[in-house]
Structure formats: structure tokens, C-alpha cells
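Each value in this text was obtained by applying a stated rule to the coordinates, not by laboratory testing. Quick caveat: nothing in here was measured; it's all calculated off a predicted structure. Positions of Cβ are backbone-derived with ideal geometry, glycine not excepted, and every protein chain shown enters the neighbour counts.
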Amino acid sequence: MKYVILIHSNPDPWGHPTSMYTAEGRSIPQAEHDRMEKEFEAMLAEISASGEFVTAEALADPASATIYGWTPEGHVATDGPYAEAKEQLAGFFLIDCATRARAEEIAARFAGPGSTAELRPAMWPGADDQ
Amino acid sequence: MTEGGLEDVWRECAPHVLVALVHRYGDFDAAEDAVQEALLAAARQWPAEGTPDNPRGWLIRVASRRLVDQWRSDQARAVREELVAREPAVPAGPEGDDSLGLLLLCCHPALARPSQVALTLRAVGGLSTAQIARAFLVPEATMAQRISRAKARLRQVGARFTVPAAAELPDRVAAVAQVLYLVFTEGHTATTGTGLTDTSLAAEAIRLTRTLHRLLPRAGEVSGLLALMLLTDARRAARTRPDGSLVPLAEQDRSRWDRARITEGIALVEATLPAGPVGPYQLQAAIAAVHAEAATAADTDWAQIELLYRMLADRAPGPVVTLNHAVAVAEVRGPAAGLEMLEPLLADPALRRHHRLHAVHAHLLERAGQPDRARAAFATAARLATSIPEQRYLNSRL
């Protein structure tokens, strides 16, 4: 089953990895950042080797977005961000796991200082035979 | 011959060609790539030039040439050629052992489940990376990487395609069975393409399970798995309406069930169950057989199904088995008894966010004369569903 891990964060200034640019992240010593980054890289290597990793992207500053709305007269474009939310979508990972429990185990490791990981199952066009 | 017929020919040959190459050259990883290229060459050439007289020989020749070309272009060729020269020619054992060894290798415990599935479909099923990627809705590059990493992992752990010792064999065969069942369930509606040569993954799972059954005719759980697949697949045409919406088992037009599949599945169940020991696949197949034998939904022998679920709960207990058992209990002893069994599951961390628990809950509440609570349970089930047609069905019940 496929799951998306959405990374919500509000780095200021906008930058990646987000943990280097959030207030929570800045209060952590560099050695701790290095340790967390190593752990994260090891986890990415693990899910790549296992075939569970599908794809991922880090996203540009929400201010660079263009928002398209629909009206009966046609589409209306405005410059972003989409909403003045406290946390913005900073990136996403698409994973393919055998079970929800496994997806949860992976997703938990995507939370970082000043960023929240949201796990969402992807819908699929098939159905179980029950 | 149609293009689909040709594809059947080269895919039937694929595992034998791979085994021949590994015997000759020893390198599973490179041999597997070379076979894949030979299959692609067959896909290009056979429809235009006709099937060769000896398809297997043709594929072995082309794949060997690719493998040798690959080595020649390799910088470390001197070392490689020396290795090949030193490698003693492995005498080919009985063909059956080779096919089993190949299946066991693809489902090696060092590999994660998605990798086992991908490698089995490619190396044993003879599907192309592109076909497998389409069936599992992932980019082709992702699937290619998954397969090459799986092969690297096999090399790393020194896995070989020999049949393991008798003590280890049942566990290894169980892993193959799980992989094939996963291909079957995930592939229930998925096809590998959009053209004439589409292969349904469910059909592929049945084909590979047939092979496994032929290799291990006395393995009861393999027979059970094959029977379960046949009896489930028999209902495929009746499961969906032309608009793609789902038809629940009780409402299916049973004249559209595939009689040939049902006859074969029931015969397997009847031959296997008395031979014992009875495992979970055999019991699930027996349950499917009871459904298949009922002329109408009202004729279903629920008492027998309830008994089979009790046996299944005894051998392979788990919340999903309890859920299905509760449905049978409700049919035999009424909705209140079923609801009582569901109660603890509503708090079970493994199941409480699974749509099917709430869908069953909703059905039983409805039958117990509690329409308001039933509607709320249908709403919960619909929110949790990740299948588009199932969610549409559940939303229609609100």
C-alpha cells in the first residue's frame, strides 16, 4: 500500500533541511544536528534498499506558489502562499509498504525539530474481495 | 498466434532460461538482467518474424550473448573471464528443483516483501520491469531500482538458488506462498498494461501458484492457497457492475461465477483437507468453497462456515479472523452475538482504523434494528476506506 508522508514546517528563512531554519532547530547544538542527519540518511538508505521508498521532493518557499481558484467565469490565479497557516507543506515522501504498522514506523522518524510529519494512506482504484 | 499467446510462450520459458544461464555462468544478478533483455528482444522480434522453432533455445542463445557482451564491455573483464574459466560447469539437476530454487531465492528472507514480490514477478514470471511498475502504480525507475537493489542484497548475503535443507523448507515455502498471495490480493484489479497483452496480476499469481503446486504436490498449504485463489477469482466477473461499483457477495449474480474455477478449487479442497495437517490457507479455501456451493446467498451453510472460522481462529488467531468469524456468528446466532464479538475489536489498535471493521459493525447494527448507529458506523467506515470503489459503496449507504 502506498502512503504519503507530508512534512509540515515553517522554516524562517525558508530552507532545507528545515530543521536548520526553525526556532526549535536553532536551539539544538550542531553535534546533535549531525547525529540526527546521520540517522535520517541511514533510514533513507534502509527504505531505498528495501524498495519501500518511491519518490520525494523538497518544496520551494510557499511565497513562490501560484494559487488557482475556479469561478464560473474561469480560473483565477493569485500569488501564494495558499493559506496563512502556521505550518506550510515543506516536502513529501511517497512510500510503498506491506502494512500500515510499517508505514507508521517509518513516518514517525520524519518528525524533526520544528517540523511535523503527517502520514496519509493513498487511495487505490481496486478493492479487497470481501 | 496472437501477441498475448506469444507473450505466454516467452514468459513460460523465462525461469528455465534464467536457470540455464546461472548454471552456465554463475552470476545470478547479471544473468537475470540478460534474460530480461532477451525477453524484450523476443517481444520485439517474435511478432514480426514468427516464433522460433525452439523458443527456449532462442532465448538462451540471445541472453548468453547479452551476458557475454556485457562482460566484454566491463572494465574488470579479465578478472571476470578468469572467474568464468575457473567456474566448473554445474551439472543441471532435475528441472523441478531448479524452478523451486529460483522461487525460493526470489522470496529470500533477507529481502523486504516489496522486493520479493518484484523479483518473483520478473525472474520467475517473466514480466518486464515496466509491466510490474504499472501494476503497482510506481514509476518504472523506482521498480528498476527495487529489483537491482534486491539482487545486490542477494549477492551480499551469498544467497544461491539451491533448495534448502528439509528442516528449513516449510518456512521458506511459506514465504513464497505469502508473496504469491500478496500478488493475488494486490493485483485483484490491477493489470500490467493497457493493450492486448495485459496480464492480470491475479492470473499471474494463479499461474505461479500452479507451478509451486506442481513442484510440491503434497504441500497442503500450497494446494490450499491455489484453491483459495481459484475460488476467489471465480467471483471476479460478478464483483463489479459495468460502472465499476462493487457488488457485495450476498447480492452477486451467481450465474456469472466461473464454474470451471469453482470445480477445480473445490476438488483441491476436498483432496487436501482430509490429508492434514490443516493450515490457514486450506481453511480459508474451505470457507470460500462453502460460499461457492450455495446456489443462492440464502442457501449458504453458515453453520459450517462458522465452524471453519472457529478452526481458523484456533490455528491462526488474529483480529481480522475474529472480524470474519463475527460475521458468521451473526448469521448463525443473530446480530447481537456478532456485535458482542466485535466490541473488543473496536478498541484494537491494529483494526480500529480499518474500514472493514466499521463496515461490518454498520451491517450488524442495521440488522439489529439500530439505523442511527448503523449510519454513524457507515460514515466511519467510509472515512477510513482507502479503496475508491469501496469508499463510494460506503458513502452510498449514508
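Taking the Cβ of each residue in A:Ser9, B:Ser387, B:Ser255, B:Ser245 as the centre, tally the other Cβ atoms inside 10 Å and list the residues starting with the fewest. Walk me through the intermediate numbers first.
Values: A:Ser9 26, B:Ser387 18, B:Ser255 8, B:Ser245 13.
Least to most surrounded, the residues fall as B:Ser255, B:Ser245, B:Ser387, A:Ser9.
Quick check on packing: order B:375-381, B:334-340 by the mean number of other C-beta atoms within 10 Å, highest mean leading.
Details: B:375-381: 20.1, B:334-340: 16.7.
Those peptides, ordered most packed to least, come out B:375-381, B:334-340.
Using the 2.2 N^0.38 Å rule of thumb for compact globular proteins, work out how segment A:1-84 stacks up: its C-alpha Rg over that value, please.
On the way: Rg = 17.4 Å, N = 84, 2.2 N^0.38 = 11.8 Å.
So the Cα radius of gyration is 1.47 times the expected 2.2 N^0.38 Å.
So what's the protein assembly as shown giving for Cα Rg divided by 2.2 N^0.38 Å, two decimals? Please report the intermediate quantities before stating the final value.
Numbers: Rg = 26.2 Å, N = 528, 2.2 N^0.38 = 23.8 Å.
Ratio of Cα Rg to 2.2 N^0.38 Å: 1.10.
Can you tally the net charge around B:Arg352? Count Lys and Arg as +1, Asp and Glu as -1, for every other residue whose Cβ sits under 14 Å from the Cβ of B:Arg352.
On the way: positive: A:Arg100, B:Arg353, B:Arg356, B:Arg383; negative: A:Glu104, B:Glu343, B:Asp348.
Spelling it out: positives minus negatives among the neighbours equals +1.
Kindly express, to the nearest 10 degrees and within the range 0 to 90, the angle between helix B:371-384's C-alpha long axis and the longest C-alpha principal axis of chain B.
Orientation of helix B:371-384: about 20 degrees from the principal axis.
How long are the three semi-axes of the equivalent ellipsoid of segment B:1-63, in whole Å, if each is the root of 5 times an eigenvalue of the C-alpha gyration tensor, listed from largest down?
Values: eigenvalues 89, 20, 18 Å².
Working through the eigenvalues yields semi-axes of 21, 10, 9 Å.
Based on the Cβ-Cβ distance of A:Ala108 and B:Asp53, what FRET efficiency does E = 1/(1 + (r/R0)^6) give at R0 = 51 Å, to the nearest 0.05? It would help to have the intermediate numbers written out before the result.
Values: r = 58 Å, r/R0 = 1.14.
FRET efficiency, A:Ala108 to B:Asp53: 0.30.
Calculated FRET efficiency, B:Gln45 and B:Ser73, Cβ-Cβ r, R0 25 Å, to nearest 0.05?
On the way: r = 22 Å, r/R0 = 0.90.
After rounding to 0.05, the efficiency reads 0.65.
Angle check, please: helix B:3-25 long axis (alpha carbons) against the longest principal axis of chain B (alpha carbons), in degrees 0 to 90, nearest 10.
60 degrees
Order of B:11-21, B:112-122, B:214-224 by packing, highest average Cβ count within 10 Å first?
Numbers: B:11-21: 22.3, B:112-122: 25.9, B:214-224: 18.5.
Descending mean neighbour count gives B:112-122, B:11-21, B:214-224.
Could you calculate the FRET efficiency of A:Glu32 with B:Arg383 from 1/(1 + (r/R0)^6), where r is the beta carbon distance between them and R0 is 35 Å, rounded to 0.05? Don't skip to the end; give the middle numbers.
Numbers: r = 39 Å, r/R0 = 1.11.
Once the sixth-power term is evaluated, E becomes 0.35.
Output the 0 to 90 degree angle, nearest 10, between the alpha-carbon long axis of helix B:280-293 and the longest principal axis computed from the alpha carbons of chain B.
Once rounded, the angle reads 60 degrees.
Using a cut-off of 13 Å between beta-carbons, work out the net charge of the residues near A:Met123 (Lys and Arg +1, Asp and Glu -1, A:Met123 not included). Each step should come with its number before you reach the end.
Details: positive: A:Lys2, A:Arg120, B:Arg383, B:Arg392; negative: B:Glu390.
That sum, taken over residues with Cβ under 13 Å, equals +3.
Any idea how far apart A:Ala56 and B:Val332 come out in nm if each label point goes 7 Å out from Cα toward Cβ?
Result: 5.0 nm between the two label points.
Can you tell me the length gained on complete extension of the stretch B:Thr240 to B:Leu307, counting 0.36 nm per residue apart and subtracting the Cα distance?
Numbers: separation 67, 0.36 × 67 = 24.12 nm, distance 2.93 nm.
Full extension of this stretch gives 21.2 nm more.
How much net charge surrounds B:Asp29 when only other residues with a Cβ under 9 Å from its Cβ are counted (Lys, Arg +1; Asp, Glu -1)?
Numbers: positive: B:Lys151, B:Arg155; negative: B:Asp27, B:Glu32, B:Asp33.
My count for the surroundings of B:Asp29 gives -1.
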